[in-house]
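What follows is a single structure, written as structure tokens, with notes after it.
Please treat every number below as a calculation from the coordinates, not as lab data. Everything quoted here is computed from the prediction, not taken from an experiment. Counting neighbours? That spans all protein chains shown, and the Cβs are built from the backbone with ideal geometry, glycine included.
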Amino acid sequence: MPDQTLATTHLPQSASQAMLRGAKGKCPRCEGAPLFRKFLKPVDRCRACGQDWTLHSADDFPPYVAILVTGHLMAPVMIEMGQTSLPLWAMIAIVASLAVAMMLGMLQPVKGAIIAMQWWMGLSGFAGASGKAEAAAGAPTG
Ligand SMILES: [Zn+2]
């Protein structure tokens, strides 16, 4: 159960604020503790506010978003590289390295933002205890 004494000033006031906190790897509810205990493994409960993060079900959505964004950003790079005289092996090495780096760099922030969005909107296990309702009430609903 989340900490009932959490000051409302620590609650995000919008979905984008909650998602930004999640993208930064911080608890979307209070921003007072890390959201992840491993690269892509969220903490069970926030150490600062007690929010239960096992209720999320981000599933395959973070990699889907990361692949979508990476593909759209890499397409113009690949088209431009096709105009150069680089050997094929060099183009493949550059494009593959960039794509892997972008994917790895994007996965955790995207997952944090998606968990925050689910919490804010009361989706999945957060049904009945959405961040939006909690912030609108002006006090933690528990
Ligand atoms: Zn927290």
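Structure summary
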read-out: Of all residues making up the range 100-142, the number that are in contact with a Leu (Cβ under 9 Å, 6 or more places away or on another chain) and outside any loop (DSSP other than H, G, I, E, B); value: 17
read-out: Given (1) surrounded by 13 or more Cβ atoms within 10 Å (Cβ to Cβ); (2) under 30 Å from Ala136 (Cβ atoms), index of the condition Thr54 fails; value: (1)
read-out: Inter-residue pairs, beta-carbon under 8 Å, first surrounded by 10 or more Cβ atoms within 10 Å (Cβ to Cβ) and in the range 77-94, second part of a loop (DSSP other than H, G, I, E, B) and not polar (S, T, N, Q), 6+ apart; value: Ile94/Leu86
read-out: Filtered residue count, the range 11-34, keeping only those that are near the ligand (Cβ under 8 Å from one of its atoms), closer than 13 Å to Gly112 by Cβ and crowded, with 22+ Cβ neighbours inside 10 Å; value: 3
read-out: Counted residues, the range 57-76 - those being closer than 18 Å to Trp120 by Cα and surrounded by 16 or more Cβ atoms within 10 Å (Cβ to Cβ); value: 2
read-out: Tally, over the range 56-79, of residues that are at positive phi and in a helix (DSSP H, G or I); value: 0
read-out: Unmet requirement for Gln51, which otherwise passes all of (1) touching a Cys at 6+ places or on another chain (Cβ under 7 Å); (2) more than 16 Å from the ligand (Cβ to nearest atom); value: (2)
